[in-house]
Amino acid sequence: MPPSRARQPEKAPEKQRVMELPSQHYGSQVITPFFVLIWLTVFLRLILGNTLLNSFISYTLPGGTFLEKIHPANYLLFPALALLLFQRKFYENFQLCRRNINDLLLFFTATALIALISVAIKGPAGMAYLVDTHIFAAALGIIAYCCSAQQKRFIKTTVLIFVVINSLLAIGEMALQRHLIGYAQHAHMPSFRAAAFFGHPLKNALITSTALFFVFTTSWRPGTKLLFSTLYAIALLCYGGRMASIVITVATCSYLLVLFFRDFKERPKYLEISIFIFSIPVILLTGYVLVNYFGLGSRMFERELLDQSGMARINLFYIFSYISLDTLITGMPAADVVQLSRSALDMPTIENFWVMLILVLGLPVAVLIGGFLLNALYGLSRPQDTAGKLGAIAFLLIASSNNSLTTKSASLTILILLLVTSLPPDTSPVHQTHQAQ
């Protein structure tokens, strides 16, 4: 018999080399000086709306210095960034992991450079909205990405809870038929619409619609998700945004269909069928009661789809026939755009983000900013689950029907924060490569 070979001891499996993400590295504690600054920045951006700030400074009012035109939350980013840069091994870890937010970095860099060039050529007039709405949103998203997983969940919860508080305030305003924050409703709004913290009803509808989908990306209990989404839906009726209501209805039905077919094999068949059959009638019946017996959102059903407000969003494209080629390329002040829309088209404003962006910044610059923005949102949305993707799509559709992104608004900040804090931990190609080794 051949001599038996001595049994070789098995090698211990080699420990997988996993890349250390910045969000895993910077501080194991939840409460750190860096996180406190980030959380205060988020909180101030949420609670200090345009109407509230105008009570203290000339934020959106005529007059005042350029520093008054910048939201106070911007100034907290500088000490937060300083604390972040002095973290241990910040540069090497961030270079490895920045692929998660590389598109957001490109958007921030391009928008900041365009703003600096515009200020150098035209002066700071009219650039404050670009800083507050776009540059701040991208910068805060990049810095929030460097928080730990627990800190990200805390930020996400803070945003979603604040939107619930905002929704409760809107429901209260609708019940009392008066604005509680001091918002002055425009004369062209015939029926009362809630304004809450974020001011204009369309901005509120945009933010609330976006937050509604990200509730389903949390690990909360089903009852909590149902409570939050119900309050968001009722608040949408108080804001009276037709585009937001249409998008939410279509997207919610699409989400239910995806859940039905995707999870069909994972749960008992009778449970899936029961949820699918009974969820839509319950939602429709609740909406019918709120509209017919409580008057919430009744203005959306009393008016035709293509009424004066609907036709204004179609006829606004005629404004391009009233400007020269030079103006189309170089842009014009926002005040001149409003004056032109009133005199030429008999419209109080241009309710289209893309058209307004072209008119104010010029076609070449608008294409650059719009392209980098879409690329950043696509990069952040791609790793998300179905609810996160639908939230980003709903945001773009609703934002395209108003001018929230060409005025001072927290809407883009909220979307980017929700996308960044909802990113899975292993979305980086570098991370996946290390795990495979």
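The values are calculated or read from the model by the stated rules, or taken from the named source; none is laboratory data. In this text the structure is predicted, and so the values were computed from the model without any measurement. As a convention, Cβ positions derive from the backbone with ideal geometry for all residues, glycine included, and neighbour counts pool all protein chains shown.
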- Message: For the structure I just gave you, tell me whether residue 125 is in contact (Cβ under 8 Å) with a residue 40 or more places away in the chain, not aromatic (Phe, Trp, Tyr) and not in a helix (DSSP H, G or I).
- Response: yes
- Task: Kindly indicate whether residue 230 is modelled with pLDDT of 80 or more and either surrounded by fewer than 15 Cβ atoms within 10 Å (Cβ to Cβ) or in a helix (DSSP H, G or I) (or both).
- Result: yes
- Item | Qualifying positions in the range 94-120 - among the aromatic types (Phe, Trp, Tyr) and at pLDDT 90 or above | 107, 108
- Note on the structure: Expected single match for buried (at least 24 other Cβ atoms within 10 Å of the Cβ) and among the small types (Gly, Ala, Ser) among 144, 251 is 144
- Item | Tabulated pairs, the range 246-262, first over 14 Å from residue 210 (Cα atoms) and of a type in the set (Val, Ile, Thr), second surrounded by 15 or more Cβ atoms within 10 Å (Cβ to Cβ) and at pLDDT 80 or above, C-beta under 9 angstrom, 6+ apart or interchain | 258/386; 258/390
- Would you tally the residues in the range 53-76 being under 17 Å from residue 129 (Cβ atoms) and touching a residue at least 24 places away in the same chain (Cβ under 8 Å)? 9
- Message: Go through (1) of a type in the set (Ser, Thr, Tyr); (2) more than 23 Å from residue 217 (Cα to Cα); (3) modelled with pLDDT of 70 or more for residue 309 and report which single condition fails.
- Response: (3)
- Query: Within the range 204-225, can one find any residue that is in a helix (DSSP H, G or I) and touching an Asp or Glu at 6+ places or on another chain (Cβ under 7 Å)?
  - Reply: yes
- Item | Residues of the range 312-361 satisfying the condition of being among the charged types (D, E, K, R) and within 22 Å of residue 244 (Cβ to Cβ) | 313, 351
- Message: Could you tell me how many of the residues in the range 407-437 are of a type outside the set (A, V, I, L, M) and modelled with pLDDT of 85 or more?
- Response: 7
- Query: Just one of 60, 51, 41 is within 28 Å of residue 412 (Cβ to Cβ), modelled with pLDDT of 50 or more and in a loop (DSSP other than H, G, I, E, B); which is it?
  - Reply: 60
- Message: Quick check on residue 91: is it at pLDDT below 85 and part of a helix (DSSP H, G or I)?
- Response: yes
- Query: Would you pick out the residues in the range 317-359 that are within 25 Å of the chain's Cα centre (by Cα) and closer than 16 Å to residue 202 by Cβ?
  - Reply: 349, 350, 351, 352, 353, 354, 355, 356
- Message: If I filter the range 360-392 down to residues being of a type in the set (A, V, I, L, M) and within 19 Å of residue 163 (Cα to Cα), which single residue comes out as surrounded by the fewest Cβ atoms within 10 Å (Cβ to Cβ)?
- Response: 387
